[in-house]
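Notes for the one structure printed next.
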Amino acid sequence: MIIRSKAPLRLGLAGGGTDVSPFCDKYGGIVLNATIDMYSYCTIEPTDDNKIEFISPDRKEHLCFDSKSKLPIDKGLPLHCGVYNRIVHDFNDNKPLSFKMTSYSDAPAGSGLGTSSTMVVTLLKAYMEWLNLPLGEYDVAKLAYDIERIDLKLAGGKQDQYAATFGGLNYMEFSGNNNVIVNPLRLKKWIKNEIENSLVIYFTGKSRDSGKIIEEQIKSVSSSKSNSLDGMFSLKEQAKKMKEAILTGNFEAIAEALKKGWEAKKQTSAVISNPSIEKTYDFALKHGAKACKISGAGGGGFMMIWCEPTRRYELIEALNSLDVGEAKSVMFVENGMQAWTIY
């Protein structure tokens, strides 16, 4: 028996950062995101040798443990160990499991596409398939959040876990007591096609530690720095405007919301942007881009670029000529986490 799972990565279209506590707890957060045709993958092969083997080819990590109820989270691959610990404790009566797990992602860690949270969801879905766990989408997303933010104490927001779990284009609302509402948006086909034809994603060639950036953002908001708070409220406003623009097919308004959202994002912390990002931003504008923003926490990773469709090919060629990162088109996907068994 072989169990496989996958979950999609996401593009943060607007409002990213307002899903991070304490801002969302106090003021309420709004995020608009969409899952794309890039994934995290997991394969579980049950064994009877009383061993646990984790293989992560993209991270070039390979760990092996004797089967036990709790694995150390400081020996490497903390996400894998953290998920295993929760599954065994919460759903397997603390009885250890024996298996080989292979996992990897289409994007590197620190890419700004929600790779870490998506991997957690992918791992959870594989265990759900294997152990026949009756968990709904909200249950899985909340469990993934708890593993990352509480068990592993990794800084971050809430949107990524829900995006990977539910899939699709979603308008998410976050409030106190960890309340989350996921509102799926149904796009007309012509609007979806036009948006996909107007988008380019560009890997800047540099991943970043989102945790450090988010911690800096949390400090700014917690100290009630007026500039940071203003930026957060502006991010929420642009998320609302982006939702309306997308649903009505107002493409100029989409570009404007993207542009203003990036400016607002930079208000929230001094480490969101840097000279290299600004240089790439200006270069893209000169080659057909109308608006750009860094997806995720900022500081590096993937840049999301809105352009005139007739100039998309030119823009991709120009960015790839920089010989720094990689530019490509992207498609939205509707399905969230998935799993299947091969006998």
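The values are calculated or read from the model by the stated rules, or taken from the named source; none is laboratory data. Just so you know, these numbers come straight off a predicted model, no measurement behind them. Please note: Cβ atoms are built from the backbone with ideal geometry, for glycine as well, and neighbour counts cover all protein chains shown. Accessible surface areas use protein heavy atoms only, side chains included; no ligands, DNA or RNA. Shrake-Rupley method; radii C 1.70, N 1.55, O 1.52, S 1.80 Å.
Could you list, in sequence order, all residues of the range 162-181 that are polar (S, T, N, Q), closer than 18 Å to Gly136 by Cα and more than 14 Å from the chain's Cα centre (by Cα)?
Asn178, Asn179
What residue, among those in the range 56-90 that are open to solvent by 50 Å² or more (accessible area, probe 1.4 Å) and touching a helix residue (DSSP H, G or I) at 6+ places or on another chain (Cβ under 6 Å), is nearest to Leu124 (Cα to Cα)?
Filtering first and then ranking leaves Arg86.
Run down Ala257, Ala339, Ala284, Ala327 and say which single residue is in contact with a Phe, Trp or Tyr (Cβ under 6 Å, 6 or more places away or on another chain), surrounded by 19 or more Cβ atoms within 10 Å (Cβ to Cβ) and touching a residue at least 40 places away in the same chain (Cβ under 8 Å).
Ala327
Being surrounded by 15 or more Cβ atoms within 10 Å (Cβ to Cβ) and in contact (Cβ under 8 Å) with a residue 24 or more places away in the chain narrows it down to one residue among Glu314, Glu308; which is it?
Glu308
Checking Cys292 against (1) part of a helix (DSSP H, G or I); (2) surrounded by 22 or more Cβ atoms within 10 Å (Cβ to Cβ), which single condition isn't satisfied?
Against the list (1) part of a helix (DSSP H, G or I); (2) surrounded by 22 or more Cβ atoms within 10 Å (Cβ to Cβ), Cys292 comes up short only on (1).
If a residue must be out of contact with any Pro (no Cβ under 8 Å at 6 or more places or on another chain), assigned to a loop (DSSP other than H, G, I, E, B), surrounded by fewer than 17 Cβ atoms within 10 Å (Cβ to Cβ) and at pLDDT 95 or above, how many such residues does the range 97-132 contain?
Number of matching residues: 1.
So which of Thr35, Thr18, Thr43 ends up being in contact (Cβ under 8 Å) with a residue 24 or more places away in the chain, in contact with a Lys or Arg (Cβ under 6 Å, 6 or more places away or on another chain), β-branched (Val, Ile, Thr) and under 22 Å from Thr341 (Cβ atoms)?
Thr43
Any residue at all in the range 219-229 that's exposed (fewer than 15 other Cβ atoms within 10 Å of the Cβ) and assigned to a loop (DSSP other than H, G, I, E, B)?
Of all residues in the range 219-229, those exposed (fewer than 15 other Cβ atoms within 10 Å of the Cβ) come to 219, 222-224, 226-227.
From what's left, assigned to a loop (DSSP other than H, G, I, E, B): 223-224.
Yes, the range 219-229 contains at least one residue that is exposed (fewer than 15 other Cβ atoms within 10 Å of the Cβ) and assigned to a loop (DSSP other than H, G, I, E, B).
Among the residues of the range 2-29, which ones are touching a strand residue (DSSP E or B) at 6+ places or on another chain (Cβ under 6 Å), more than 21 Å from Thr115 (Cβ to Cβ) and open to solvent by 10 Å² or more (accessible area, probe 1.4 Å)?
Ile2, Gly28
Here is a list of conditions, (1) part of a loop (DSSP other than H, G, I, E, B); (2) at pLDDT 95 or above; (3) under 19 Å from the mean Cα position of the chain (by Cα), and Asp49 meets all of them except one; can you say which number that is?
Of (1) part of a loop (DSSP other than H, G, I, E, B); (2) at pLDDT 95 or above; (3) under 19 Å from the mean Cα position of the chain (by Cα), only one is false for Asp49: (3).
Here are some residues: Phe23, Phe65. Which one is under 14 Å from Leu97 (Cβ atoms) and of a type in the set (A, V, I, L, M, F, W, C)?
Phe65
Among the residues of the range 147-189, what is the count of those that are open to solvent by 20 Å² or more (accessible area, probe 1.4 Å), in a helix (DSSP H, G or I) and over 16 Å from Pro22 (Cβ atoms)?
Residues flagged as open to solvent by 20 Å² or more (accessible area, probe 1.4 Å), in a helix (DSSP H, G or I) and over 16 Å from Pro22 (Cβ atoms) within the range 147-189 amount to 4.
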